[in-house]
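Novice: This is the structure, below, for whatever I ask next.
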Amino acid sequence: MNATNPAEADDRLQQQLINQYAEFVQLVGGLAHEIRNPLSTIRLNMELLAEDFHNAKTPAERRAANKIAVVQRESIRLQELLDDFLNFARVRNLNLIPKDINSLVAVALDLFEPQAASSGLDVQRYLDADLARVSIDPETFQAALLNLIINAQQAMPEGGQLVVRTRATPTGVALDLIDTGCGMDAATINRAFDPFFSSKPGGSGLGLPTTRKIIEAHGGSLSVQSEPGQGTQFTIELPTPPRLTAE
């Protein structure tokens with residue numbers, strides 16, 4: 001009888017766990033889609049009822065209109081939660097290509113510029129022009145980056161400054177997003193990446209976990225430093241692909 005190779009046993013266990021996770025994601029994804037169908041019907045009928053009670057005159061009609069508004073608001077919140085959950089649970093097949101991270105940062109900041117202006121945010125760019133290219137899926141990476149930018153905006157409801165900086169590291173490149181917002185205490189930082197944890201009213205608690213999942217799928221890491229009243233710094237670190245050795 002051949003002895004079991006420990007490395008092969010570990011590989012089989014890892015593959016088994018991956019298969020189980022994929023089955024779980026498929027199950028919960030199917031459940032979420034099944035919930036979305038009747039939820040869409042509920043939202044449509046609430047919109048029709050809201051139109052019927054738009055010009056409510058009697059106290060009873062006004063009470064009915066208020067109750068309809070509550071159901072509409074909670075239906076929208078549930079829809080957003082389902083969308084966030086599906087984004088978090090989805091198994092992503094990244095299309096990694098060598099890219100200049102500065103170009104992706106510039107596009108994201110250009111898209112965010114109108115919101116920054118209306119929110120009273122001063123966005124400062126410090127992009128190192130001498131950076132190695134990194135392997136990135138542009139679409140998913142920009143989604144993660146925009147989520148961090150919007151997160152910074154929400155931490156500065158009265159306006160403030162957002163510094164976006166790229167720099168070289170010993171193993172690749174780093175992207176820092178530094179805001180002058182409300183900051184986080186140690187307890188909040190410890191749970192910041194926990195699914196369904198949110199310090200914001202009505203938040204799904206899946207934004208930062210999804211963002212970290214995207215960055216880690218790129219072989220990178222996402223970290224945070226913060227103090228109450230002193231702002232927050234999120235740092236994305238991405239590795240430089242190894243150079244191909246000529247035969």
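Novice: Taking the residues in region 142-183 that are touching a Cys at 6+ places or on another chain (Cβ under 9 Å) and closer than 19 Å to ALA108 by Cα as candidates, determine which candidate is modelled with the highest pLDDT.
Specialist: MET156
Novice: Among the residues that make up region 193-215, is at least one of them over 30 Å from SER75 (Cβ atoms) and either modelled with pLDDT under 85 or not in a loop (DSSP other than H, G, I, E, B) (or both)?
Specialist: The answer is yes, given that some residue of region 193-215 is over 30 Å from SER75 (Cβ atoms) and either modelled with pLDDT under 85 or not in a loop (DSSP other than H, G, I, E, B) (or both).
Novice: Could you pull out the residue among LEU78, LEU49 that is at pLDDT 85 or above and either at positive phi or assigned to a helix (DSSP H, G or I) (or both)?
Specialist: LEU49
Novice: Output the residues belonging to region 136-161 that are crowded, with 18+ Cβ neighbours inside 10 Å and more than 19 Å from GLY207 (Cα to Cα).
Specialist: Hits for region 136-161 are ILE136, GLY160.
Novice: Taking region 102-132 as the search range and keeping residues that are within 27 Å of THR169 (Cβ to Cβ) and among the polar types (S, T, N, Q), which one is surrounded by the fewest Cβ atoms within 10 Å (Cβ to Cβ)?
Specialist: Ranking the qualifying residues of region 102-132, first place goes to GLN124.
The values are calculated or read from the model by the stated rules, or taken from the named source; none is laboratory data. The structure displayed is predicted, hence computed values, not measured ones. Glycine gets a Cβ as well: all are built from the backbone with ideal geometry, and neighbour counts include every protein chain shown.
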